[in-house]
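Before any comments, here is the structure.
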Amino acid sequence: MPSDLLTVGLYASTTRELRHIVNIHNYDYCCRPSIVPTSEGTHMLAALLTPAQYRTLLPKVSKIDIFAKGIPDDRKSVATIAKGDRFKGGQLFPRGLGSRKEGEQFDLGKMMNVDEIGSAIKGLQKEYGIWTFDLPNKTAEGSVSTGGTTNASTDPRLYHMYFTSGVHARERGGPDQLIYFIGDLLWAQKHGTGLKYGKRSYSNAAVRLALSAGIVFFPLVNPDGVRWDQKTDLLWRKNRNRKNQTPGTDDYHPSIGVDINRNYDFLWNFRLHFDAATASKDGLASDNPSSFQFHGDDRFSEAESRNVAWVLDKFPRTRWYLDIHSAVGKIYYSWGDDDNQSEKPNQNFRNPFLDHKRGTLGDKVYKEWISKDDAKVVKIVAKRVVAGMSSVGGRTYTAAQASSDGATSGASDDYAFSRFQVDRTKNKVYGFTMEFGREGVFYPTLPEFQQNVIDTGAGFMEFCLCAANIGLG
Ligand SMILES: [Zn+2]
């Protein structure tokens, strides 16, 4: 059952027209419905459309470019996902592009399959003696996930940075990029060298500073979803939980699975917390099991989101969190539920008197509270990550508030940043979402994948260095 989805760019002269399309048509606008300016002065929105949806939208916009029909051969898993196990169960270890010198092999080969991701973590453990751990919650299909750190110490208070990837199954390359970055840092530390991502170089002192922040990495949050997506090329987003599957349907049915990144305990009950207009919009979340943004039966109903949160509890001094997604080309900072404001501390996500009022951007009814200092910090960090990613010589990235492409409910970055406000004994965690890659391109070709490894390597490095400069809590 091959995918017949069209990867398209929808064009209009104003962002308003495209925003209107998003509001009335519950289609698949990729990881977030992100509207970007074009060089011709118009605006573009990427989407994945069925042929029928394409015909519906054709008269409603000024132009639709079809970037791809179905999945082109050079983006299919058979061309881009490895078979077998290059790390031989952990006997060999991964190393990224940043630690390679001129004259060394610069080809990473294909992207890792699910089993290779496990072997890669084992390989890092064997080579560098780092502390790795299993996550406590088994997925619907019985997978046990593994996380790792950049140090031998098992004292959780030494770790202040936290990275996750492989949440949305189709966002290929995220786990590889994270693992290769960790592999680069540990290699450079062991061999006393620096790192180089494209035109961007980092000294050995910078490597040591980044590692001094103590990193926890959890590269494959959604193993069941990724396994399915790599097998089918169906642009699968959710996990594979069958609890709400429509009876009598097959393995391909969209009622299978929950969107992990709408399942966190942050304004999860969107029909209560958001205004009715926002609650009906695509992008926020959905209570329809067949939606690709189905938020589950309850907050934290899913093993995958509970695993991500477990790490935040287990490592109580975490201060910086980055959730790695594609494909928008942006770094998002807090908040994601509405515009920010720093004047009215009581106008916040915990206030029940403000239910049914959240989510509409640009209005005066509700904006989410963030202290002036925190508002400054999150912007500085996002801009620095973006500058790092753009400086390698590939493409340009932009920093944006998470809500700027539409409000979200139950997302990981907001959950991370909300914890200290709900429970004052918890550490403050600044939560960010990285959206690497070109708009709408979930399945990179191998050259695109390799460029993403370089772009994100510099982005991860800047994130760690910026955190170490600002403070690790
Ligand atoms: Zn995503």
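The values are calculated or read from the model by the stated rules, or taken from the named source; none is laboratory data. Remember, it's a predicted structure, so these values are computed and weren't measured experimentally. Every residue, glycine among them, receives a Cβ derived from its backbone with ideal geometry; neighbour counts consider all protein chains shown. Accessible surface areas use protein heavy atoms only, side chains included; no ligands, DNA or RNA. Shrake-Rupley method; radii C 1.70, N 1.55, O 1.52, S 1.80 Å.
Computed on the Cα atoms alone, the convex hull of the stretch 353-473 gives a volume of 134 cubic angstrom per residue.
Between residue 191 and residue 13, the simple spin-label model (points 7 angstrom out along Cα→Cβ) gives 5.7 nm. Which of 270, 221, 210 sits farthest toward the positive end of the charge dipole of the stretch 197-298, with +1 on the Cβ of Lys and Arg and -1 on the Cβ of Asp and Glu? Working it through, the farthest residue towards the positive pole turns out to be 210. If R0 is taken as 41 Å, the Cβ-Cβ distance between residue 243 and residue 365 corresponds to a FRET efficiency of 0.70.
Using a cut-off of 29 Å between Cα atoms, the listed pairs 63/196; 88/196; 83/199 include 63/196; 83/199 as exceeding that distance. Here the dipole of the chain is about 880 debye; that uses its Cα centre as origin and unit charges on the Cβ of Lys and Arg (positive) and Asp and Glu (negative).
What share of the DSSP beta bridges in the chain is antiparallel, in percent to the nearest 5?
Bridges in the chain are about 55 percent antiparallel.
The alpha carbons of the stretch 73-473 stretch over 61, 54, 39 Å along the principal axes, in descending order. In the context of the full set of protein chains, residues of the stretch 6-70 present 46 Å² of accessible surface per residue (probe radius 1.4 Å, heavy atoms only).
Rounded to the nearest 20 Debye, what is the dipole magnitude of the stretch 6-70 about its Cα centre when Lys and Arg each give +1 and Asp and Glu each give -1 at the C-beta?
120 debye
Checking every one of the trypsin sites (Lys or Arg not before Pro) in the stretch 1-104 against DSSP loop status and a limit of 14 other Cβ atoms within 10 Å picks out 83, 101.
Stokes-Einstein diffusion of the stretch 6-70 at 37 °C, 0.692 mPa s viscosity, Kirkwood radius from Cα pairs, rounded to a whole number: 283 µm²/s. Since only 131, 144, 106 are under comparison, the one whose Cα sits farthest along the positive direction of the charge dipole of the stretch 99-167, derived from C-beta charges on Lys, Arg, Asp and Glu, is 131. Here residue 305 sits with roughly 0 square angstrom of accessible surface, probe radius 1.4 Å. Within a straight-line Cα-Cα reach of under 21 Å, residue 76 can be paired with the following lysines, leaving aside sequence neighbours fewer than 8 residues apart in one chain: 110, 231, 238. Relative protection proxy for 460-466, 398-404, from highest mean packing down: 460-466, 398-404 (other beta-carbon atoms within 10 angstrom).
Using just the helices of the chain, give the 222 nm mean residue ellipticity in deg cm²/dmol: DSSP H runs with n ≥ 4 each add -39,500 (n - 2.57), and the total is spread over all residues, rounded to 500.
-9500 deg cm²/dmol
On the protein heavy atoms, probe 1.4 angstrom, tell me the percent of accessible surface of the chain carried by carbon and sulfur. C and S fraction of accessible area: 52 percent.
Note on residue 157 and residue 58: with the Förster distance fixed at 51 Å, the Cβ-Cβ geometry gives a FRET efficiency of about 0.35.
Peptide packing: for 448-454, 435-441, 109-115, the average count of neighbouring Cβ atoms within 10 Å per residue gives the ranking 435-441, 448-454, 109-115, highest mean first. Heavy-atom accessible area for residue 92, with the other protein chains in place and a 1.4 Å probe, reaches approximately 80 Å².
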